[in-house]
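Here's the structure, in structure tokens; my notes come after.
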């Protein structure tokens, strides 16, 4: 298991006062802070093009909700009330989510994505990965958590579909830089020579963090949308460069075991 996920789960165990989760007569409590990540769902790997560079659903403790739109290529923003968050957390708890193992059984199917979930309350936190979510799982108790994860995803998708959204304005961004082989040609030069992508990725794929000033200097038409320069030439080398907006407080996101983009 990823060390960061192990640390998150250890912290949750420390917070819980008993081995079994308490029954909530009162609403489920959570940290009502803008930096607290309460519910997070991401999708990765599999035969997806373009690859999803932004998470599908991120809910913070102050009610801020950031959603993927346009097939995962851009971000929009909404809000949930305290009551709506409590109802969602109660629904998730009732599925048994906080007792699910991180690694769920996989069925024999290829080139489909993995869905990742993270939920955090004052009593417990858990992170779960589910391969081929939405497929027809075999009968048996082994696959019951996957069926319940389907229910959680359906609830999150329902909330996203009904949300009143507004534009999301990122403060910073990130470039994923992929050097191409010697036989690759590019018709266009890298349009932002002030950012030396050759120096940022001298030996292989790398990321480059854009601060607020650098992001503004790019002059992107929509900084909340992912962008690809595919391919471009810079200092005699050819690169594919993808931009994604950075969400607030990403340092508090769980670090799922997602295969690196290539």
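Looking only at residues of the range 197-215 that are exposed (fewer than 13 other Cβ atoms within 10 Å of the Cβ) and within 21 Å of residue 75 (Cβ to Cβ), we find that the one that is nearest to the chain's Cα centre (by Cα) is 209. So is residue 142 loosely packed, with under 12 Cβ neighbours inside 10 Å, within 24 Å of the chain's Cα centre (by Cα), without any contact (Cβ under 8 Å) to a residue 40 or more places away in the chain and not assigned by TED's automatic domain parsing to the domain that holds residue 233 or not? In short, no.
Look at residue 184 and say whether it is surrounded by 13 or more Cβ atoms within 10 Å (Cβ to Cβ), in a strand (DSSP E or B) and either in contact with a helix residue (DSSP H, G or I) (Cβ under 8 Å, 6 or more places away or on another chain) or outside the structural domain of residue 60 (by TED's automatic domain parsing) (or both). For residue 184, the condition - surrounded by 13 or more Cβ atoms within 10 Å (Cβ to Cβ), in a strand (DSSP E or B) and either in contact with a helix residue (DSSP H, G or I) (Cβ under 8 Å, 6 or more places away or on another chain) or outside the structural domain of residue 60 (by TED's automatic domain parsing) (or both) - is not met. Tell me yes or no: at least one residue of the range 220-227 is outside any loop (DSSP other than H, G, I, E, B) and outside the structural domain of residue 38 (by TED's automatic domain parsing). The answer is yes, given that some residue of the range 220-227 is outside any loop (DSSP other than H, G, I, E, B) and outside the structural domain of residue 38 (by TED's automatic domain parsing). Considering the range 238-262, and only residues there that are buried (at least 18 other Cβ atoms within 10 Å of the Cβ) and in contact with a helix residue (DSSP H, G or I) (Cβ under 9 Å, 6 or more places away or on another chain), the residue that is modelled with the lowest pLDDT turns out to be 256.
The values are calculated or read from the model by the stated rules, or taken from the named source; none is laboratory data. Keep in mind that this is a model prediction, so the values were computed, not measured. Because the Cβ atoms are built from the backbone with ideal geometry, glycine has one as well, and the counts that use them run over all protein chains shown.
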